[in-house]
């Protein structure tokens, strides 16, 4: 006589199901000290109205002036610093903590906290990656030797103040600024094994072109990625996460080369506005909808996802997929905002009880009413914390998007 034991338990998720690329970093997260930035501004004679530096930052004074502009707006961003020695000299003025970054790595670490394993593509290796990457992550690497080209991340709190020679600027909200000079990410070599991993994956994340400096090399890397992601199996989803490009013209180059070859195109509000070359009122549903539809058409991917501090929006593609992505990304990013690197599945469960931002909720209802059946929007959480983490929020949002997609049936 046979005895029924009930339905079989589902197989645990496999690292093969999720593939995250392309470039990893070592991050020096510096402890904010407005006195250091103010001293650099005053010694260089910088004024509040001087405006942000254009192109590569070629001195510590230029770095300080760029930070002043970000503080004034409460905005985040990323800047290329002209030399590694200049970047190191600036970082040495502050206390710092060493962490691992790159959209792929931060997404992998956030997903790992939820019990979702992944395969991660690396472009560099060194003592810090070997020490800090968990042993249970599956790795693919194009690195042929050790290298260390740290990114310096400046996280400033709301109310942070710096003083130029003619006045002070105070940050209206917390944010972060990334400073880089990173040879492996400028070259962004893609391992051939990445294409083999694409064939096994259900969800593929591509990111990292924003650090590149040479147009011909960028074109070759884009061709490599198109060739690899064309190998994905039926039903697999390719997601591209945009970034703050050091060479602004390269953003359009990537969009033209890759947009029609991925299924989901993700960006934040800064990247949306950079594409449009104008400011967008993030709480004006008409303005945002018009802007998102224009970017969606320009990109050519079936689905566009835009994530901001107020809301997350998806335009186009299957409704169930849109809803899963914006909910998954918003929740996981909110938990990182509250708990930083210490994110756990229990924290994510607690977030379900957090209130939504009132302005974001009103906006989400209005834009869905205006947008119709191909628009999904969710409000951001009103996160209960006085010590927010602003580093890695976009990366963690991408991790939430990928985890949500991986949990959907084919």
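Quickly run through the range 77-98 and pick out the residues that are more than 25 Å from residue 248 (Cα to Cα), out of contact with any helix residue (DSSP H, G or I) (no Cβ under 9 Å at 6 or more places or on another chain) and surrounded by fewer than 16 Cβ atoms within 10 Å (Cβ to Cβ). Correct list: 92, 95, 97. Within the range 202-225, is there a residue that is over 30 Å from residue 389 (Cβ atoms), touching a strand residue (DSSP E or B) at 6+ places or on another chain (Cβ under 8 Å) and surrounded by fewer than 22 Cβ atoms within 10 Å (Cβ to Cβ)? No: zero hits. Among residues of the range 109-122 that are free of Cβ contacts under 8 Å to residues at least 40 places away in the same chain and at negative phi, those with a Cβ under 8 angstrom from a residue that is outside any helix (DSSP H, G or I) and surrounded by fewer than 24 Cβ atoms within 10 Å (Cβ to Cβ), sequence gap 6+ or separate chain, pair up as 112/134; 112/136; 112/137.
Report the residue count in the range 118-144 for those that are part of a loop (DSSP other than H, G, I, E, B), loosely packed, with under 15 Cβ neighbours inside 10 Å and out of contact with any helix residue (DSSP H, G or I) (no Cβ under 7 Å at 6 or more places or on another chain).
Narrowing the range 118-144 to residues part of a loop (DSSP other than H, G, I, E, B): 118, 123-126, 133-137, 142-144.
Those still in the list that are loosely packed, with under 15 Cβ neighbours inside 10 Å too: 134-136, 144.
From what is left, the residues that are out of contact with any helix residue (DSSP H, G or I) (no Cβ under 7 Å at 6 or more places or on another chain) are 135-136, 144.
Count: 3.
When you look at residue 277, is it closer than 24 Å to residue 374 by Cα and surrounded by fewer than 19 Cβ atoms within 10 Å (Cβ to Cβ), yes or no? Here the answer is no, as residue 277 does not meet what is asked. Of all residues in the range 39-62, those satisfying the criterion of being assigned to a loop (DSSP other than H, G, I, E, B), in contact with a helix residue (DSSP H, G or I) (Cβ under 9 Å, 6 or more places away or on another chain) and free of Cβ contacts under 8 Å to residues at least 60 places away in the same chain are 51, 52, 53, 58, 59. Would you point out the residue of the range 256-267, among those that are crowded, with 17+ Cβ neighbours inside 10 Å and out of contact with any strand residue (DSSP E or B) (no Cβ under 7 Å at 6 or more places or on another chain), that is farthest from residue 215 (Cα to Cα)? Taking the candidates together, the pick is 261. Against the conditions (1) in contact with a helix residue (DSSP H, G or I) (Cβ under 7 Å, 6 or more places away or on another chain); (2) crowded, with 23+ Cβ neighbours inside 10 Å, residue 164 satisfies every one except (2).
Applying the criterion of being within 30 Å of residue 277 (Cβ to Cβ) and part of a helix (DSSP H, G or I) to the residues of the range 223-250, the residue that is modelled with the lowest pLDDT is 249.
Take residue 55 and tell me if it is at positive phi, surrounded by fewer than 15 Cβ atoms within 10 Å (Cβ to Cβ) and modelled with pLDDT under 95. Answer is yes for this residue. How about the range 99-117: which of its residues are outside any helix (DSSP H, G or I) and out of contact with any helix residue (DSSP H, G or I) (no Cβ under 6 Å at 6 or more places or on another chain)? If the condition is that a residue be outside any helix (DSSP H, G or I) and out of contact with any helix residue (DSSP H, G or I) (no Cβ under 6 Å at 6 or more places or on another chain), then 99, 101, 102, 115 are the ones that fit. Could you figure out which of (1) out of contact with any helix residue (DSSP H, G or I) (no Cβ under 8 Å at 6 or more places or on another chain); (2) assigned to a helix (DSSP H, G or I); (3) in contact (Cβ under 8 Å) with a residue 40 or more places away in the chain isn't true of residue 197? The number of the failed condition is (1).
One residue is enough: does the range 268-281 have a residue meeting the conditions farther than 19 Å from residue 77 by Cα and out of contact with any strand residue (DSSP E or B) (no Cβ under 9 Å at 6 or more places or on another chain)? No. Applying the criterion of at least 3 residues that are under 15 Å from the mean Cα position of the chain (by Cα), touching a residue at least 24 places away in the same chain (Cβ under 8 Å) and buried (at least 23 other Cβ atoms within 10 Å of the Cβ) to the strands (runs of 3 or more DSSP E) found wholly in the range 303-408 leaves 303-307.
Does residue 86 qualify as being closer than 17 Å to residue 177 by Cβ, in contact with a strand residue (DSSP E or B) (Cβ under 9 Å, 6 or more places away or on another chain), assigned to a helix (DSSP H, G or I) and at pLDDT 95 or above?
Numbers: closer than 17 Å to residue 177 by Cβ: yes; in contact with a strand residue (DSSP E or B) (Cβ under 9 Å, 6 or more places away or on another chain): yes; assigned to a helix (DSSP H, G or I): yes; at pLDDT 95 or above: yes.
Here the answer is yes, as residue 86 does meet what is asked.
Quick check on residue 298: is it exposed (fewer than 15 other Cβ atoms within 10 Å of the Cβ), closer than 30 Å to residue 55 by Cβ and at pLDDT 95 or above? First the steps, then the outcome.
Numbers: exposed (fewer than 15 other Cβ atoms within 10 Å of the Cβ): no; closer than 30 Å to residue 55 by Cβ: yes; at pLDDT 95 or above: yes.
It is false that residue 298 is exposed (fewer than 15 other Cβ atoms within 10 Å of the Cβ), closer than 30 Å to residue 55 by Cβ and at pLDDT 95 or above.
The values are calculated or read from the model by the stated rules, or taken from the named source; none is laboratory data. Just so it is clear, the model here is predicted, and its values are computed rather than measured. Every residue, glycine among them, receives a Cβ derived from its backbone with ideal geometry; neighbour counts consider all protein chains shown.
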